[in-house]
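The values are calculated or read from the model by the stated rules, or taken from the named source; none is laboratory data. Given the structure is predicted, the values throughout are model-derived calculations rather than measurements. Don't worry about glycine lacking a Cβ; one is built from the backbone with ideal geometry, like all the others, and counts go over all protein chains shown. Side chains included, ligands, DNA and RNA excluded: accessible areas come from the protein's heavy atoms. Shrake-Rupley method; radii C 1.70, N 1.55, O 1.52, S 1.80 Å.
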Amino acid sequence: MIKLEGLTKKFLGKTAVNNLNVEINDGEVVGLLGPNGAGKTTTIRMMAGTLPPTSGSVKIFGQNISEDEEVKNQIGYLPENNPLYENQTVEEHLNFWAEIKKIPSASRREIIIKLIASLGLKEVYFQPIGQLSKGYKQRVGLSQSLLGDPKILLLDEPTEGLDPNQRREIHHLITGFGRERTVIICSHVLSEITKMCSRVIIINRGEIAADGSVGELAGKFSNLTTITLIAKGFAVKDSLLNLAGVRNVRQEKDAAGNEHFLIEAEGSNDLRPLIFELAKKDGWQLLELKTEQKSLEDVFAWVTSQ
């Protein structure tokens, strides 16, 4: 349904998105993950057709959206800042957008009534948007993006600023949307993506760092472990980096002046005995040594720190 081919965007010579090649199938609910500044919003804006790429293309049903305006009617888009006219009532806002989207006036009222019922907006339908809670405002934004019954829904940080109950409500709504259309959700909150999405694409520095289902990504990095070492000694970090199976070592200092070493290791071998022997040989004062398996959160941190 959606195909990104060599999608690239540069701003003043700086590359924000670099040569993305992705295919998204009909009915998938895809999470677009990445740290702030990774290129997620730039990517989703190009997918929505609101930002032209520097090179490459976005194709919907095989049609380049830069060349075929009609195919954009299949896209519903909720930007991160959820642009709302707060002096309008919900009724006025939805009728305004229905006119922009050229929904026939004969069927407009029926379509809007059905939409507000499905999104729980009946009780605030005649209220000014500026008087609504953040959760209701997000629902209004979602309703705007769903006008015209698009086959593709692009949501940029749809739960930003919501309390836990409001987030849960939006999760439920988005999950329902995903049964009828293709949904791409842009976020940096991994826990939300795992609840709503069947597939995760992690972007880092404008490039794809990982792509797969939650289970596939967890399995792919299941041989990674994190070892925490608290020790005092000479050249501890350099010695750890020379151990076979160690991919990276991060060094931090706590308030008491103790050195913490977070060791990223791969493979099935437990490196703790080797580290213990190294500590004895080099005369380190060993205060703590423990290990834990990678969670999906750790996978995200790992692939976006490279």
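Charged side chains reduced to their Cβ positions (Lys and Arg at +1, Asp and Glu at -1) give the chain a dipole of some 120 debye around its Cα centre. Which Cα, out of Leu84, Leu162, Gly178, lies furthest along the positive dipole direction of region 41-180 (beta carbon charges, K/R +1, D/E -1)? My answer, from the dipole projection, is Gly178. What the chain shows is 50 Å² of accessible area per residue, with the surface traced by a 1.4 Å probe over protein heavy atoms.
Note on the chain: antiparallel DSSP beta bridges, both residues inside, total approximately 70 percent of the bridges counted. Measuring between alpha carbons in the structure, the pairs from Lys195/Lys290; Lys9/Lys114; Lys102/Lys151 lying more than 27 angstrom apart are Lys195/Lys290; Lys9/Lys114.
Between Asp26 and Glu86, the simple label model (points 7 Å from Cα in the Cβ direction) yields a spacing of 4.2 nm.
Computed from the alpha carbon atoms alone, the convex hull of the chain holds 166 Å³ per residue. Once backbone amide H atoms are built at 1.01 Å from N, Val183 has Glu28, Val29, Val30, Leu153 as its partners under 5 Å, excluding neighbours fewer than 5 places away on the same chain. Pairwise inverse Cα distances across region 37-102, averaged and inverted, put the Kirkwood hydrodynamic radius at 13.7 Å. Carbon-plus-sulfur accessible fraction, the chain (probe radius 1.4 Å, protein heavy atoms only): 48%.
3J(HN,Hα) couplings calculated from phi for region 141-158 with the Karplus curve 6.51 cos²θ - 1.76 cosθ + 1.60 (θ = phi - 60°) are, in sequence order, x, 5, 5, 4, 5, 8, 4, x, 6, x, 7, 10, 10, 10, 10, 9, 6, x Hz; Gly and Pro show x. Rounded to the nearest 10 degrees, the angle from helix 272-282 to the longest Cα principal axis of the chain is 50 degrees. Net length available on complete extension from Asn242 to Leu274 is 10.4 nm, with 0.36 nm assigned per residue and the Cα-Cα distance removed. Using just the C-alpha positions of region 193-286 as equal point scatterers, what log10 of I(q)/I(0) does the Debye formula give at each q in 0.10 1/Å? Reported log10 I(q)/I(0), two decimals: -0.38.
In this structure, the amide hydrogen of Asn248, modeled 1.01 Å from its nitrogen in the peptide plane, lies closer than 5 angstrom to those of Glu264, counting only residues at least 5 positions away or on a different chain. Computed 3J(HN,Hα) for region 21-37, one whole-Hz value per residue from the Karplus formula 6.51 cos²θ - 1.76 cosθ + 1.60 where θ = phi - 60°, is 10, 9, 10, 10, 8, 4, x, 6, 10, 10, x, 9, 9, x, x, 4, x, glycine and proline marked x. Between Glu288 and Ser198, the contour length at 0.36 nm per residue exceeds the Cα-Cα span by 28.5 nm. For region 207-215, the Karplus equation 6.51 cos²θ - 1.76 cosθ + 1.60, evaluated at θ = phi - 60°, returns couplings of 10, 6, 9, 6, 8, x, 5, 4, x Hz by residue, with Gly and Pro reported as x. Full extension of the chain segment joining Thr228 with His260 gains 10.8 nm, where the gain is 0.36 nm per residue of separation less the Cα-Cα distance. Annotation: region 1-143 has a Kirkwood hydrodynamic radius of 17.1 angstrom, from the mean reciprocal C-alpha pair distance. In a Gaussian network model over the chain where Cα atoms closer than 10 Å are linked, find which of Arg247, Arg168, Arg139 has the largest mean-square fluctuation. Answer for the Gaussian network model of the chain: Arg247.
When His172, His260, His188 are compared by accessible surface with a 1.4 Å probe, the order from highest to lowest is His172, His188, His260.
With one equal scatterer per alpha carbon and no solvent term, the Debye-computed log10 I(q)/I(0) for region 141-228 at 0.14, 0.20, 0.25, 0.26 1/Å reads -0.58, -1.05, -1.35, -1.40. Per-residue surface analysis assigns Phe11 an accessible area of about 90 Å², computed on protein heavy atoms at 1.4 Å probe radius. Computed packing ranks the peptides 21-33, 271-283, 150-162 as 150-162, 21-33, 271-283, most packed first, by mean other Cβ atoms within 10 Å.
In this structure the amide hydrogen of Ala16, modeled in the peptide plane, comes within under 5 Å of the amide hydrogens of Lys9, Lys10, Phe11, none closer than 5 places in sequence on its chain.
Adding -39500 (n - 2.57) for every DSSP H run of four residues or longer, then dividing by how many residues the chain holds, sets the calculated 222 nm ellipticity at -9500 deg cm²/dmol.
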